[in-house]
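The structure under discussion appears below in the form of C-alpha cells.
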Amino acid sequence: MYEWVTNIMEQFGYMGIFFMMALENVFPPIPSEIVLPFSGFMTTNSELTVIGVIITATCGSVFGAIVLYGIGRLIDVERLEKIVDRWGHIIRIKKEDIHKADSWFDKYGYWTVLFCRMIPLIRSLISIPAGMSNMNFTLFLLFTLIGTLIWNIILIMIGVTLGENWDSILGFMDMYSNITYAVIALAFIIFVIMFARKRIRK
C-alpha cells in the first residue's frame, strides 16, 4: 500500500493528493501519516507548493468527511430505534441508551469532531455519529475544517522539513497510532464493564 499511495501522488500531483485524502477518510486503512508527510516532501522536488498541498489535502479530507456524514444521516436515531426494538433484548440496549448517547453528542459533539480530527482512525469515523445526531451541517464543516487543517499542516510541514528523510516520521506515527488504539480499546472495555454492571444491578 505504501508504494501504491506514493505512486498515485507522484503521478497525479494535486489530484492524487486530493483523491488519497478523500479515500483516507472513507477507508481509514489508507493512513494520512503517509500521504501528508510525503506530499510535504513533494513540494521540495516538484512544482507543487506548500500552500497548494495544504489546500488540496484539506479539501480532500473534508470531502471524505462529508461522505461519511451523509452515511450517518441515513443511519439516524429513528433507524437505530427500530433496530433496538428488534434486537435490543439480545444486545441489551434500550431506546433510552440511544437517546442518552444522542443527547451527549448534541452537547459535546462539535468539540469531539474538532479534537478527533487529530486522532488516527477516529478522525475518519467521527463523521458518522455526527451525521446520525443530525449535527448542524455548517458547524460540522467548520469544526471539521479547523481540526483537519491543524492536522494537515503539522504533518505536511514535517514532510517539508525532513525532505528526503520524510519517512523517518513513520515510526513515530506508528507508535502514536498504537498508543491511541490501546487507549481506545481500554476505554471501550471499561465502558462495556460499567454498562454490564449497571444492567446487572437493574
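Given the criteria open to solvent by less than 70 Å² (accessible area, probe 1.4 Å), at pLDDT 85 or above and closer than 18 Å to Met21 by Cβ, does Phe143 qualify?
Considered against the rule, which asks whether it is open to solvent by less than 70 Å² (accessible area, probe 1.4 Å), at pLDDT 85 or above and closer than 18 Å to Met21 by Cβ, Phe143 comes out as yes.
Which of the residues belonging to the stretch 146-161 are at pLDDT below 90, under 14 Å from Ile51 (Cα atoms) and not aliphatic (A, V, I, L, M)?
Of everything in the stretch 146-161, just one residue is at pLDDT below 90, under 14 Å from Ile51 (Cα atoms) and not aliphatic (A, V, I, L, M), namely Gly159.
Looking at this structure, is Thr138 more than 26 Å from Ile66 (Cα to Cα), open to solvent by 60 Å² or more (accessible area, probe 1.4 Å), modelled with pLDDT of 85 or more and of a type in the set (S, T, N, Q)?
No; evaluated as a whole, the condition is false for this residue.
Which residues, taken from the stretch 105-124, are open to solvent by 60 Å² or more (accessible area, probe 1.4 Å) and touching a Pro at 6+ places or on another chain (Cβ under 7 Å)?
Selection gives Leu121 alone.
I want to confirm something. Restricting to the stretch 1-55 and keeping residues that are charged (D, E, K, R) and assigned to a helix (DSSP H, G or I), which single residue is modelled with the lowest pLDDT?
Glu3
Which ones in the stretch 11-66 are of a type in the set (Val, Ile, Thr), within 12 Å of the chain's Cα centre (by Cα) and under 20 Å from Gly131 (Cα atoms)?
Val26, Val62, Ile66
Can you list residue pairs whose Cβ atoms sit under 9 Å apart, with the first residue in the stretch 150-179 being open to solvent by less than 80 Å² (accessible area, probe 1.4 Å) and the second being at pLDDT below 65? Count only pairs 6 or more apart in sequence or on different chains.
Qualifying pairs under 9 Å: Leu155/Met173; Asp167/Tyr2; Leu170/Tyr2.
The values are calculated or read from the model by the stated rules, or taken from the named source; none is laboratory data. This one's a predicted model, so the numbers in the text were calculated from it and none came from an experiment. Reconstructed Cβ throughout: ideal geometry from the backbone, glycine too, with neighbour counts over all protein chains shown. Each accessible area value is taken on the protein alone, full model and side chains, heavy atoms only, with ligands, DNA and RNA left out. Shrake-Rupley method; radii C 1.70, N 1.55, O 1.52, S 1.80 Å.
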